[in-house]
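In what follows, a single structure is set out as C-alpha coordinates and then discussed.
The values are calculated or read from the model by the stated rules, or taken from the named source; none is laboratory data. These numbers were taken from a predicted model, which means no experiment stands behind them. Methodologically, a virtual Cβ is constructed for each residue, glycine included, from the backbone with ideal geometry; neighbour enumeration extends over all protein chains shown. Note: accessible area is taken over every heavy atom of the protein model, side chains too, but ligands, DNA and RNA are not part of it. Shrake-Rupley method; radii C 1.70, N 1.55, O 1.52, S 1.80 Å.
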Amino acid sequence: MSQSLLNHSLEPAPRLRVEGISKRFGSTRALREAALTLRSGEVHVLLGENGAGKSTLAKIIAGIYPADAGNIVVDGQAIHPHSVKLARKLGIATVFQELSLAPHLSVLDNLFLGCEEGQHPFAWLHRSWEAQQCRSLLTELELDLPLDLPVSALTIAQKQMLEIAKALLRQPQILIMDEPTSTLTEREKSRLFTRLQTLKQQGVAILYVTHHLQEVLEVGTRVSAMMDGAVNATVDVTSTLTETQLLEMLTGRNLSLAIARPPQPTLPPLFTIEDLQTAAGCAGVNLEVRPGEIVGIYGVMGCGRESLGRAIVGLTRPTQGKMTLLGHPYLPLHPKAARKRGISYLAMDRKEAGILAERPIRENLNLSNLSHFNRWGMLLTQQERLKTLESLDRLQVRYASTEDAMTRLSGGNQQKVLFGRAIAHLPRLLVLEDPTAGIDMGAKLELYRQMQTLAAQGLSFLLLSSDLFETILLCNRVYVMYDGKIVDELWEPTLEDEERILAGILGRRSAVP
Ligand SMILES: Nc1ncnc2c1ncn2[C@@H]1O[C@H](COP(=O)(O)OP(=O)(O)O)[C@@H](O)[C@H]1O
Ligand SMILES: [Mg+2]
(Lines give C-alpha, C1' and ligand atoms only; values in the text may rest on other atoms or scores of the structure.)
(Ligands and ions follow the chains in the order given, each with its own letter.)
Protein backbone atom coordinates (compact mmCIF):
# COMPACT_ATOMS: atom_id res chain seq x y z
CA MET A 1 0.00 0.00 0.00
CA SER A 2 2.64 2.50 1.09
CA GLN A 3 4.80 1.24 -1.78
CA SER A 4 2.14 2.02 -4.34
CA LEU A 5 1.56 5.46 -2.83
CA LEU A 6 5.26 6.13 -3.04
CA ASN A 7 5.43 5.06 -6.66
CA HIS A 8 2.48 7.20 -7.44
CA SER A 9 4.03 10.31 -5.96
CA LEU A 10 7.27 9.73 -7.89
CA GLU A 11 5.57 9.28 -11.20
CA PRO A 12 5.75 12.31 -13.47
CA ALA A 13 2.37 13.90 -14.11
CA PRO A 14 1.18 12.75 -17.51
CA ARG A 15 1.08 15.16 -20.37
CA LEU A 16 -2.06 13.50 -21.64
CA ARG A 17 -4.53 11.20 -19.97
CA VAL A 18 -7.54 9.49 -21.46
CA GLU A 19 -9.95 7.54 -19.31
CA GLY A 20 -13.18 5.64 -19.81
CA ILE A 21 -13.23 6.32 -23.55
CA SER A 22 -16.03 4.45 -25.30
CA LYS A 23 -17.01 4.66 -28.94
CA ARG A 24 -19.53 2.87 -31.09
CA PHE A 25 -19.85 2.74 -34.86
CA GLY A 26 -23.36 1.42 -35.40
CA SER A 27 -23.35 -2.00 -33.82
CA THR A 28 -19.54 -2.14 -33.54
CA ARG A 29 -18.11 -1.31 -30.13
CA ALA A 30 -14.76 0.08 -31.23
CA LEU A 31 -13.72 1.27 -27.75
CA ARG A 32 -14.80 0.05 -24.33
CA GLU A 33 -13.68 2.39 -21.57
CA ALA A 34 -10.18 2.62 -22.96
CA ALA A 35 -7.65 4.38 -20.75
CA LEU A 36 -3.99 5.34 -20.98
CA THR A 37 -1.52 8.02 -20.00
CA LEU A 38 1.18 9.67 -22.06
CA ARG A 39 4.23 11.24 -20.42
CA SER A 40 6.68 13.83 -21.66
CA GLY A 41 9.79 12.25 -23.09
CA GLU A 42 8.39 8.80 -23.69
CA VAL A 43 7.47 6.70 -26.69
CA HIS A 44 4.36 4.94 -25.53
CA VAL A 45 3.66 2.08 -27.88
CA LEU A 46 0.02 1.17 -28.34
CA LEU A 47 0.12 -2.43 -29.52
CA GLY A 48 -2.84 -4.37 -30.82
CA GLU A 49 -4.01 -6.52 -33.67
CA ASN A 50 -6.16 -5.22 -36.53
CA GLY A 51 -9.52 -4.01 -35.34
CA ALA A 52 -8.46 -3.63 -31.70
CA GLY A 53 -9.48 0.04 -31.72
CA LYS A 54 -6.05 1.72 -31.87
CA SER A 55 -6.81 4.09 -34.73
CA THR A 56 -10.16 5.03 -33.24
CA LEU A 57 -8.51 5.96 -29.94
CA ALA A 58 -5.82 7.94 -31.78
CA LYS A 59 -8.47 9.81 -33.76
CA ILE A 60 -10.42 10.66 -30.64
CA ILE A 61 -7.29 12.11 -29.05
CA ALA A 62 -6.68 14.10 -32.24
CA GLY A 63 -10.21 15.51 -32.07
CA ILE A 64 -11.29 13.83 -35.30
CA TYR A 65 -14.02 11.68 -33.75
CA PRO A 66 -16.01 12.65 -30.66
CA ALA A 67 -16.00 9.99 -27.93
CA ASP A 68 -19.35 8.62 -26.77
CA ALA A 69 -18.07 8.71 -23.19
CA GLY A 70 -14.90 9.39 -21.26
CA ASN A 71 -12.39 12.15 -20.64
CA ILE A 72 -9.37 13.54 -22.39
CA VAL A 73 -7.11 15.49 -20.06
CA VAL A 74 -4.15 17.51 -21.34
CA ASP A 75 -1.78 19.00 -18.77
CA GLY A 76 -4.39 18.48 -16.07
CA GLN A 77 -7.14 20.24 -18.03
CA ALA A 78 -10.18 18.29 -19.22
CA ILE A 79 -10.78 18.93 -22.91
CA HIS A 80 -14.41 19.32 -23.79
CA PRO A 81 -15.61 19.73 -26.43
CA HIS A 82 -12.65 18.48 -28.36
CA SER A 83 -11.86 19.36 -31.97
CA VAL A 84 -9.07 19.09 -34.51
CA LYS A 85 -8.44 22.80 -34.10
CA LEU A 86 -8.17 22.54 -30.33
CA ALA A 87 -5.84 19.55 -30.62
CA ARG A 88 -3.51 21.63 -32.81
CA LYS A 89 -3.65 24.51 -30.38
CA LEU A 90 -2.65 22.14 -27.58
CA GLY A 91 0.39 21.07 -29.57
CA ILE A 92 -0.96 17.69 -30.64
CA ALA A 93 0.25 16.56 -34.08
CA THR A 94 -0.77 13.35 -35.78
CA VAL A 95 0.42 11.02 -38.49
CA PHE A 96 -2.35 8.74 -39.62
CA GLN A 97 -2.50 5.60 -41.71
CA GLU A 98 -4.57 7.36 -44.33
CA LEU A 99 -2.28 10.01 -45.74
CA SER A 100 -3.59 13.55 -45.87
CA LEU A 101 -1.45 14.86 -48.71
CA ALA A 102 -2.82 16.75 -51.71
CA PRO A 103 -1.33 14.97 -54.75
CA HIS A 104 -1.38 17.96 -57.12
CA LEU A 105 0.34 20.33 -54.67
CA SER A 106 4.10 20.60 -54.24
CA VAL A 107 6.11 19.08 -51.43
CA LEU A 108 6.54 22.52 -49.83
CA ASP A 109 2.85 23.43 -50.08
CA ASN A 110 1.88 20.10 -48.59
CA LEU A 111 4.16 20.65 -45.63
CA PHE A 112 2.12 23.70 -44.69
CA LEU A 113 -1.25 22.40 -45.74
CA GLY A 114 -3.79 22.75 -42.98
CA CYS A 115 -1.84 25.44 -41.14
CA GLU A 116 -4.23 28.31 -40.80
CA GLU A 117 -3.14 31.83 -41.64
CA GLY A 118 -1.55 33.43 -38.64
CA GLN A 119 -0.91 30.05 -37.03
CA HIS A 120 1.51 29.15 -39.71
CA PRO A 121 4.67 28.26 -37.79
CA PHE A 122 6.84 30.37 -40.04
CA ALA A 123 4.22 32.90 -41.14
CA TRP A 124 6.31 35.86 -40.12
CA LEU A 125 9.39 34.63 -41.87
CA HIS A 126 10.73 34.99 -45.29
CA ARG A 127 9.78 32.17 -47.65
CA SER A 128 13.35 31.27 -48.44
CA TRP A 129 14.13 30.84 -44.74
CA GLU A 130 11.02 28.73 -44.47
CA ALA A 131 12.20 26.59 -47.37
CA GLN A 132 15.56 26.22 -45.68
CA GLN A 133 13.92 24.91 -42.51
CA CYS A 134 11.96 22.40 -44.53
CA ARG A 135 15.03 21.37 -46.41
CA SER A 136 17.06 20.70 -43.29
CA LEU A 137 14.25 18.62 -41.78
CA LEU A 138 13.85 16.67 -45.02
CA THR A 139 17.58 16.12 -45.24
CA GLU A 140 17.61 14.82 -41.72
CA LEU A 141 14.89 12.37 -42.70
CA GLU A 142 16.89 11.53 -45.84
CA LEU A 143 14.03 12.76 -47.95
CA ASP A 144 16.02 14.81 -50.42
CA LEU A 145 13.33 15.99 -52.76
CA PRO A 146 12.92 19.15 -54.81
CA LEU A 147 10.47 21.24 -52.78
CA ASP A 148 8.49 22.14 -55.88
CA LEU A 149 7.95 18.53 -56.92
CA PRO A 150 4.26 17.57 -57.00
CA VAL A 151 3.44 14.99 -54.35
CA SER A 152 1.89 12.73 -57.00
CA ALA A 153 5.43 12.04 -58.23
CA LEU A 154 6.53 10.53 -54.89
CA THR A 155 6.69 6.87 -53.96
CA ILE A 156 4.36 5.65 -51.24
CA ALA A 157 7.24 5.54 -48.75
CA GLN A 158 8.29 9.09 -49.61
CA LYS A 159 4.71 10.21 -49.09
CA GLN A 160 4.68 8.57 -45.69
CA MET A 161 7.95 10.28 -44.75
CA LEU A 162 6.56 13.60 -45.96
CA GLU A 163 3.51 13.09 -43.80
CA ILE A 164 5.83 12.55 -40.85
CA ALA A 165 7.85 15.65 -41.76
CA LYS A 166 4.63 17.63 -41.90
CA ALA A 167 3.78 16.65 -38.33
CA LEU A 168 7.31 17.34 -37.07
CA LEU A 169 7.41 20.79 -38.64
CA ARG A 170 4.67 21.83 -36.25
CA GLN A 171 7.05 21.16 -33.36
CA PRO A 172 4.42 19.21 -31.45
CA GLN A 173 4.37 18.67 -27.70
CA ILE A 174 2.33 15.53 -28.19
CA LEU A 175 2.91 13.41 -31.27
CA ILE A 176 0.58 10.61 -32.31
CA MET A 177 1.74 8.22 -35.00
CA ASP A 178 -0.58 5.53 -36.30
CA GLU A 179 1.40 2.66 -37.88
CA PRO A 180 3.90 5.05 -39.47
CA THR A 181 6.23 2.34 -40.75
CA SER A 182 3.72 0.22 -42.64
CA THR A 183 4.96 1.47 -46.03
CA LEU A 184 8.56 2.30 -45.08
CA THR A 185 11.70 0.38 -45.96
CA GLU A 186 14.20 -0.57 -43.24
CA ARG A 187 16.35 2.43 -44.07
CA GLU A 188 13.54 4.97 -43.72
CA LYS A 189 12.34 3.23 -40.62
CA SER A 190 15.71 3.64 -38.96
CA ARG A 191 15.75 7.37 -39.87
CA LEU A 192 12.37 7.71 -38.23
CA PHE A 193 13.44 5.84 -35.11
CA THR A 194 16.55 7.99 -34.76
CA ARG A 195 14.38 11.07 -34.99
CA LEU A 196 12.00 9.68 -32.37
CA GLN A 197 14.93 9.30 -29.97
CA THR A 198 15.74 12.99 -30.40
CA LEU A 199 12.14 14.05 -29.89
CA LYS A 200 11.99 11.91 -26.78
CA GLN A 201 15.04 13.66 -25.37
CA GLN A 202 13.41 16.99 -26.14
CA GLY A 203 10.49 15.96 -23.94
CA VAL A 204 7.90 15.32 -26.62
CA ALA A 205 5.21 12.86 -25.54
CA ILE A 206 4.84 10.28 -28.30
CA LEU A 207 2.06 7.76 -28.79
CA TYR A 208 3.23 5.15 -31.28
CA VAL A 209 0.57 2.83 -32.66
CA THR A 210 1.63 -0.47 -34.18
CA HIS A 211 0.77 -4.13 -34.59
CA HIS A 212 4.43 -5.17 -34.90
CA LEU A 213 5.82 -6.76 -31.75
CA GLN A 214 9.44 -6.03 -32.69
CA GLU A 215 8.78 -2.29 -32.87
CA VAL A 216 7.91 -2.28 -29.19
CA LEU A 217 11.43 -3.36 -28.30
CA GLU A 218 12.97 -1.08 -30.94
CA VAL A 219 11.39 2.26 -29.93
CA GLY A 220 9.22 1.85 -26.87
CA THR A 221 9.60 3.40 -23.43
CA ARG A 222 6.33 1.89 -22.26
CA VAL A 223 3.87 -0.36 -24.02
CA SER A 224 0.13 -0.80 -23.70
CA ALA A 225 -1.65 -3.79 -25.12
CA MET A 226 -5.00 -3.16 -26.70
CA MET A 227 -7.60 -5.77 -27.50
CA ASP A 228 -11.30 -5.57 -28.31
CA GLY A 229 -11.47 -1.85 -27.66
CA ALA A 230 -9.87 -1.91 -24.22
CA VAL A 231 -6.33 -1.28 -23.02
CA ASN A 232 -5.42 -4.49 -21.19
CA ALA A 233 -2.14 -3.63 -19.54
CA THR A 234 0.75 -1.17 -19.58
CA VAL A 235 4.36 -2.05 -18.76
CA ASP A 236 7.78 -0.46 -19.03
CA VAL A 237 9.88 -1.65 -21.94
CA THR A 238 12.99 -3.14 -20.38
CA SER A 239 15.78 -5.23 -21.82
CA THR A 240 14.20 -8.34 -20.32
CA LEU A 241 10.81 -7.84 -21.92
CA THR A 242 10.23 -10.62 -24.47
CA GLU A 243 7.96 -11.00 -27.44
CA THR A 244 6.26 -13.87 -25.65
CA GLN A 245 5.37 -11.60 -22.74
CA LEU A 246 4.00 -9.05 -25.18
CA LEU A 247 1.88 -11.67 -26.89
CA GLU A 248 0.65 -12.76 -23.49
CA MET A 249 -0.27 -9.20 -22.56
CA LEU A 250 -2.12 -8.86 -25.82
CA THR A 251 -4.08 -12.03 -25.68
CA GLY A 252 -4.49 -11.99 -21.92
CA ARG A 253 -3.42 -15.63 -22.02
CA ASN A 254 -0.53 -17.67 -20.93
CA LEU A 255 0.96 -18.57 -24.29
CA SER A 256 2.80 -21.65 -23.21
CA LEU A 257 -0.67 -22.96 -22.44
CA ALA A 258 -2.43 -21.33 -25.38
CA ILE A 259 0.01 -22.63 -27.95
CA ALA A 260 1.29 -25.61 -26.06
CA ARG A 261 3.43 -27.92 -28.13
CA PRO A 262 2.00 -31.39 -28.34
CA PRO A 263 4.14 -33.99 -26.59
CA GLN A 264 7.07 -35.16 -28.67
CA PRO A 265 5.74 -37.94 -30.90
CA THR A 266 7.50 -41.25 -30.48
CA LEU A 267 6.11 -42.92 -33.59
CA PRO A 268 8.47 -44.01 -36.36
CA PRO A 269 9.18 -41.35 -38.99
CA LEU A 270 6.52 -40.48 -41.54
CA PHE A 271 8.92 -38.91 -43.96
CA THR A 272 12.69 -39.11 -44.31
CA ILE A 273 15.28 -37.54 -46.56
CA GLU A 274 18.75 -38.94 -47.14
CA ASP A 275 21.61 -37.09 -48.79
CA LEU A 276 19.29 -34.92 -50.85
CA GLN A 277 21.01 -32.70 -53.39
CA THR A 278 19.52 -30.20 -55.80
CA ALA A 279 20.93 -28.03 -58.55
CA ALA A 280 19.74 -24.93 -56.68
CA GLY A 281 21.60 -25.36 -53.42
CA CYS A 282 20.92 -28.50 -51.36
CA ALA A 283 24.27 -30.12 -50.75
CA GLY A 284 23.32 -33.37 -49.03
CA VAL A 285 20.45 -32.96 -46.59
CA ASN A 286 19.29 -35.60 -44.10
CA LEU A 287 16.18 -35.15 -42.02
CA GLU A 288 13.08 -36.85 -40.72
CA VAL A 289 9.56 -35.87 -39.80
CA ARG A 290 7.37 -37.94 -37.51
CA PRO A 291 3.58 -38.08 -37.53
CA GLY A 292 2.14 -35.08 -35.71
CA GLU A 293 5.49 -33.36 -35.55
CA ILE A 294 6.10 -29.72 -36.41
CA VAL A 295 9.60 -29.57 -37.83
CA GLY A 296 11.27 -26.26 -38.62
CA ILE A 297 14.08 -25.64 -41.04
CA TYR A 298 15.75 -22.37 -40.28
CA GLY A 299 18.38 -20.55 -42.30
CA VAL A 300 19.12 -17.38 -44.21
CA MET A 301 17.93 -16.74 -47.75
CA GLY A 302 19.96 -18.82 -50.16
CA CYS A 303 20.93 -21.49 -47.60
CA GLY A 304 19.18 -24.07 -49.77
CA ARG A 305 16.01 -24.22 -47.73
CA GLU A 306 13.63 -23.08 -50.49
CA SER A 307 15.17 -25.55 -52.88
CA LEU A 308 14.68 -28.34 -50.34
CA GLY A 309 11.02 -27.42 -49.88
CA ARG A 310 10.50 -27.35 -53.62
CA ALA A 311 12.02 -30.79 -54.11
CA ILE A 312 9.73 -32.21 -51.41
CA VAL A 313 6.58 -30.86 -53.04
CA GLY A 314 7.51 -31.83 -56.60
CA LEU A 315 8.45 -28.45 -57.97
CA THR A 316 12.06 -29.42 -58.68
CA ARG A 317 13.84 -32.73 -59.21
CA PRO A 318 16.64 -33.59 -56.82
CA THR A 319 19.92 -34.46 -58.52
CA GLN A 320 20.77 -37.04 -55.89
CA GLY A 321 19.44 -38.59 -52.71
CA LYS A 322 16.44 -40.48 -51.43
CA MET A 323 13.08 -39.52 -50.00
CA THR A 324 10.80 -41.98 -48.22
CA LEU A 325 7.18 -41.55 -47.25
CA LEU A 326 5.57 -44.12 -44.95
CA GLY A 327 8.38 -46.53 -45.77
CA HIS A 328 7.97 -46.24 -49.54
CA PRO A 329 10.20 -44.39 -52.01
CA TYR A 330 8.87 -40.94 -52.78
CA LEU A 331 9.85 -38.83 -55.78
CA PRO A 332 7.04 -36.56 -56.99
CA LEU A 333 7.27 -35.18 -60.51
CA HIS A 334 4.69 -32.51 -59.92
CA PRO A 335 2.91 -30.86 -56.94
CA LYS A 336 -0.23 -32.75 -57.93
CA ALA A 337 1.64 -36.03 -57.55
CA ALA A 338 2.92 -34.89 -54.15
CA ARG A 339 -0.62 -34.01 -53.11
CA LYS A 340 -1.84 -37.43 -54.17
CA ARG A 341 0.71 -39.01 -51.86
CA GLY A 342 -0.39 -36.71 -49.03
CA ILE A 343 2.18 -33.92 -49.15
CA SER A 344 0.70 -30.45 -49.51
CA TYR A 345 2.35 -27.09 -49.92
CA LEU A 346 1.63 -23.49 -49.05
CA ALA A 347 3.98 -21.19 -50.96
CA MET A 348 5.30 -17.99 -49.46
CA ASP A 349 4.14 -15.74 -52.23
CA ARG A 350 0.37 -15.67 -52.20
CA LYS A 351 0.35 -15.23 -55.98
CA GLU A 352 2.48 -18.30 -56.39
CA ALA A 353 0.21 -20.12 -53.98
CA GLY A 354 -2.39 -19.89 -56.73
CA ILE A 355 -4.60 -17.19 -55.36
CA LEU A 356 -7.42 -16.24 -57.71
CA ALA A 357 -7.68 -12.62 -56.65
CA GLU A 358 -10.88 -11.74 -58.44
CA ARG A 359 -12.66 -15.06 -57.83
CA PRO A 360 -14.94 -15.77 -54.86
CA ILE A 361 -13.55 -16.80 -51.49
CA ARG A 362 -15.47 -20.08 -51.84
CA GLU A 363 -13.69 -20.99 -55.06
CA ASN A 364 -10.30 -20.10 -53.65
CA LEU A 365 -10.90 -22.29 -50.64
CA ASN A 366 -12.10 -25.28 -52.64
CA LEU A 367 -9.74 -24.98 -55.59
CA SER A 368 -7.81 -28.20 -55.02
CA ASN A 369 -11.08 -29.97 -54.23
CA LEU A 370 -13.31 -28.80 -57.05
CA SER A 371 -13.47 -32.07 -58.95
CA HIS A 372 -14.58 -33.74 -55.76
CA PHE A 373 -17.54 -31.44 -55.47
CA ASN A 374 -18.44 -31.14 -59.13
CA ARG A 375 -18.81 -34.83 -59.80
CA TRP A 376 -22.19 -34.79 -58.14
CA GLY A 377 -23.50 -31.64 -59.77
CA MET A 378 -26.20 -29.61 -58.08
CA LEU A 379 -26.55 -31.84 -55.08
CA LEU A 380 -23.01 -31.19 -54.00
CA THR A 381 -23.16 -27.50 -54.75
CA GLN A 382 -25.22 -27.34 -51.62
CA GLN A 383 -22.67 -29.54 -49.87
CA GLU A 384 -19.88 -27.31 -51.10
CA ARG A 385 -21.72 -24.34 -49.66
CA LEU A 386 -22.11 -25.96 -46.28
CA LYS A 387 -18.54 -27.25 -46.19
CA THR A 388 -17.30 -23.79 -47.14
CA LEU A 389 -19.19 -22.13 -44.31
CA GLU A 390 -17.93 -24.73 -41.89
CA SER A 391 -14.28 -24.39 -43.00
CA LEU A 392 -14.32 -20.60 -42.95
CA ASP A 393 -15.78 -20.74 -39.49
CA ARG A 394 -13.18 -23.20 -38.25
CA LEU A 395 -10.39 -21.15 -39.81
CA GLN A 396 -11.88 -18.03 -38.16
CA VAL A 397 -11.86 -16.13 -41.44
CA ARG A 398 -13.42 -12.70 -41.14
CA TYR A 399 -15.53 -12.24 -44.25
CA ALA A 400 -18.85 -10.81 -45.36
CA SER A 401 -19.95 -13.28 -48.06
CA THR A 402 -18.40 -16.47 -49.43
CA GLU A 403 -19.08 -15.02 -52.89
CA ASP A 404 -16.93 -11.91 -52.30
CA ALA A 405 -13.72 -11.68 -54.30
CA MET A 406 -10.58 -12.79 -52.41
CA THR A 407 -9.24 -9.22 -52.59
CA ARG A 408 -12.02 -8.15 -50.23
CA LEU A 409 -10.24 -10.04 -47.44
CA SER A 410 -7.30 -8.74 -45.43
CA GLY A 411 -3.93 -10.40 -46.08
CA GLY A 412 -4.26 -12.46 -42.93
CA ASN A 413 -7.69 -13.72 -43.86
CA GLN A 414 -6.54 -14.55 -47.40
CA GLN A 415 -3.77 -16.61 -45.88
CA LYS A 416 -6.24 -18.46 -43.64
CA VAL A 417 -8.23 -19.37 -46.76
CA LEU A 418 -5.10 -20.64 -48.56
CA PHE A 419 -4.17 -22.62 -45.46
CA GLY A 420 -7.68 -24.06 -45.50
CA ARG A 421 -7.20 -25.06 -49.13
CA ALA A 422 -3.88 -26.73 -48.36
CA ILE A 423 -5.42 -28.92 -45.64
CA ALA A 424 -8.74 -29.54 -47.43
CA HIS A 425 -7.78 -32.93 -48.83
CA LEU A 426 -6.36 -34.12 -45.51
CA PRO A 427 -2.63 -34.30 -46.23
CA ARG A 428 -0.16 -36.19 -44.04
CA LEU A 429 2.52 -33.55 -44.33
CA LEU A 430 2.12 -29.87 -45.00
CA VAL A 431 5.12 -27.85 -46.18
CA LEU A 432 4.70 -24.20 -45.18
CA GLU A 433 6.89 -21.49 -46.62
CA ASP A 434 6.77 -18.36 -44.44
CA PRO A 435 3.07 -18.82 -43.71
CA THR A 436 2.70 -15.72 -41.54
CA ALA A 437 4.87 -13.21 -43.44
CA GLY A 438 3.20 -9.82 -43.54
CA ILE A 439 -0.03 -10.81 -41.83
CA ASP A 440 -1.44 -9.29 -38.68
CA MET A 441 -0.94 -10.72 -35.25
CA GLY A 442 -4.48 -11.97 -34.79
CA ALA A 443 -4.28 -14.00 -37.98
CA LYS A 444 -0.82 -15.22 -36.97
CA LEU A 445 -2.05 -16.52 -33.62
CA GLU A 446 -5.00 -18.13 -35.37
CA LEU A 447 -2.71 -19.98 -37.81
CA TYR A 448 -0.51 -21.12 -34.91
CA ARG A 449 -3.57 -22.50 -33.17
CA GLN A 450 -4.71 -24.29 -36.32
CA MET A 451 -1.29 -25.88 -36.71
CA GLN A 452 -1.26 -27.01 -33.10
CA THR A 453 -4.71 -28.54 -33.35
CA LEU A 454 -3.93 -30.35 -36.60
CA ALA A 455 -0.58 -31.59 -35.28
CA ALA A 456 -2.34 -33.03 -32.26
CA GLN A 457 -4.55 -34.90 -34.73
CA GLY A 458 -1.49 -36.36 -36.43
CA LEU A 459 -0.79 -33.99 -39.32
CA SER A 460 2.94 -33.26 -39.72
CA PHE A 461 4.40 -29.91 -40.68
CA LEU A 462 7.60 -28.78 -42.27
CA LEU A 463 7.87 -25.11 -41.42
CA LEU A 464 10.24 -23.00 -43.52
CA SER A 465 9.78 -19.70 -41.74
CA SER A 466 11.98 -16.59 -41.68
CA ASP A 467 10.56 -15.79 -38.27
CA LEU A 468 12.84 -17.27 -35.64
CA PHE A 469 10.43 -16.46 -32.84
CA GLU A 470 7.59 -18.48 -34.36
CA THR A 471 9.97 -21.24 -35.39
CA ILE A 472 11.09 -21.66 -31.79
CA LEU A 473 7.61 -21.27 -30.38
CA LEU A 474 5.95 -23.82 -32.65
CA CYS A 475 8.45 -26.48 -33.58
CA ASN A 476 9.11 -29.80 -31.84
CA ARG A 477 12.36 -29.90 -33.67
CA VAL A 478 14.40 -27.36 -35.60
CA TYR A 479 17.01 -28.14 -38.22
CA VAL A 480 19.45 -25.30 -38.79
CA MET A 481 20.65 -24.98 -42.35
CA TYR A 482 23.74 -23.31 -43.75
CA ASP A 483 25.25 -23.47 -47.21
CA GLY A 484 23.09 -26.34 -48.40
CA LYS A 485 23.64 -28.51 -45.32
CA ILE A 486 22.03 -29.15 -41.95
CA VAL A 487 24.46 -27.78 -39.37
CA ASP A 488 22.46 -28.20 -36.17
CA GLU A 489 19.39 -29.93 -34.81
CA LEU A 490 17.47 -28.83 -31.72
CA TRP A 491 14.64 -30.62 -29.92
CA GLU A 492 11.90 -28.62 -28.20
CA PRO A 493 13.85 -25.36 -28.60
CA THR A 494 13.26 -22.39 -26.32
CA LEU A 495 14.02 -18.70 -26.73
CA GLU A 496 17.30 -19.36 -24.95
CA ASP A 497 18.43 -21.29 -28.02
CA GLU A 498 18.22 -18.19 -30.17
CA GLU A 499 21.93 -17.49 -30.04
CA ARG A 500 22.86 -21.04 -30.90
CA ILE A 501 20.52 -21.05 -33.89
CA LEU A 502 21.83 -17.71 -35.12
CA ALA A 503 25.39 -18.99 -34.86
CA GLY A 504 24.31 -21.93 -37.01
CA ILE A 505 22.71 -19.96 -39.82
CA LEU A 506 25.75 -17.69 -39.99
CA GLY A 507 28.03 -20.64 -40.54
CA ARG A 508 29.65 -20.59 -37.11
CA ARG A 509 28.91 -24.25 -36.47
CA SER A 510 30.26 -27.15 -38.40
CA ALA A 511 28.00 -29.50 -40.32
CA VAL A 512 26.24 -32.30 -38.47
CA PRO A 513 27.62 -35.55 -39.90
N1 LIG B 1 -15.39 4.94 -39.33
C2 LIG B 1 -15.77 3.73 -38.94
N3 LIG B 1 -17.01 3.26 -39.21
C4 LIG B 1 -17.40 2.04 -38.79
N5 LIG B 1 -16.63 1.19 -38.11
C6 LIG B 1 -15.38 1.58 -37.81
C7 LIG B 1 -14.88 2.86 -38.22
N8 LIG B 1 -13.61 2.98 -37.78
C9 LIG B 1 -13.33 1.83 -37.14
N10 LIG B 1 -14.39 0.99 -37.16
C11 LIG B 1 -14.45 -0.34 -36.53
O12 LIG B 1 -14.02 -0.19 -35.19
C13 LIG B 1 -13.16 -1.27 -34.81
C14 LIG B 1 -11.80 -0.72 -34.40
O15 LIG B 1 -11.17 -0.22 -35.57
P16 LIG B 1 -9.76 0.55 -35.55
O17 LIG B 1 -9.79 1.58 -34.49
O18 LIG B 1 -9.49 1.00 -36.93
O19 LIG B 1 -8.77 -0.62 -35.14
P20 LIG B 1 -7.18 -0.75 -35.31
O21 LIG B 1 -6.65 0.60 -35.68
O22 LIG B 1 -6.71 -1.23 -33.99
O23 LIG B 1 -6.97 -1.76 -36.39
C24 LIG B 1 -13.13 -2.20 -35.99
O25 LIG B 1 -14.09 -3.21 -35.80
C26 LIG B 1 -13.49 -1.32 -37.15
O27 LIG B 1 -14.10 -2.06 -38.18
MG1 LIG C 1 -5.52 1.13 -37.32
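Some observations on this one:
- Cα centre as origin, Lys/Arg/Asp/Glu Cβ charges: the chain dipole, Debye: 1140
- Potential lengthening between SER190 and GLU489 on full extension [0.36 nm per residue; Cα-Cα distance subtracted]: 104.2 nm
- Magnitude of the charge dipole for region 147-199, about its Cα centre and with charges confined to Cβ atoms of Lys, Arg (+1) and Asp, Glu (-1), is about 140 debye.
- Note on ILE156/HIS334: beta-carbon distance plugged into 1/(1 + (r/R0)^6) with R0 of 41 Å gives a FRET efficiency of 0.60.
- Peptide ranges 15-23, 305-313 listed from the most packed, as the mean C-beta count within 10 angstrom indicates: 305-313, 15-23
- For HIS212, the solvent-accessible surface with a 1.4 Å probe is about 60 Å², rounded to the nearest 10.
- Restricting the calculation to Cα atoms, region 271-505 yields a radius of gyration followed by a Dmax of 17.8, 58 Å.
- Residues in region 399-422 reached by a label modelled at LEU386 [backbone nitrogen below 20 Å; 7 Å Cα→Cβ]: 402-403
- Helices in the chain that qualify as membrane-span-like (whole DSSP H runs, Cα extent of at least 15 Å along the helix axis, mean Kyte-Doolittle hydropathy of -1.0 or higher) are 156-169, 378-394, 411-423, 441-456.
- Per residue, region 271-505 exposes 44 Å² of accessible surface when a 1.4 Å probe is rolled over the protein heavy atoms with every protein chain present.
- Count Lys and Arg as plus one, Asp and Glu as minus one, and take only other residues whose Cβ is under 13 Å from that of ASP497; the net charge is then -3.
- With all protein chains kept in place, the per residue accessible area of region 2-255 amounts to 47 square angstrom at a probe of 1.4 angstrom.
- Solvent-accessible area of the chain (1.4 angstrom probe, protein heavy atoms only): carbon and sulfur portion equals 52 percent.
- Using R0 = 35 Å, the C-beta based FRET efficiency linking ASP236 and ALA69 works out to 0.75.
- With the simple model of a label 7 Å out from the Cα in the direction of the Cβ, THR453 to ALA279 spans 4.2 nm.
- Taking 0.36 nm per residue of sequence separation and removing the Cα-Cα distance, the ASP349/SER100 pair yields an extension gain of 86.5 nm.
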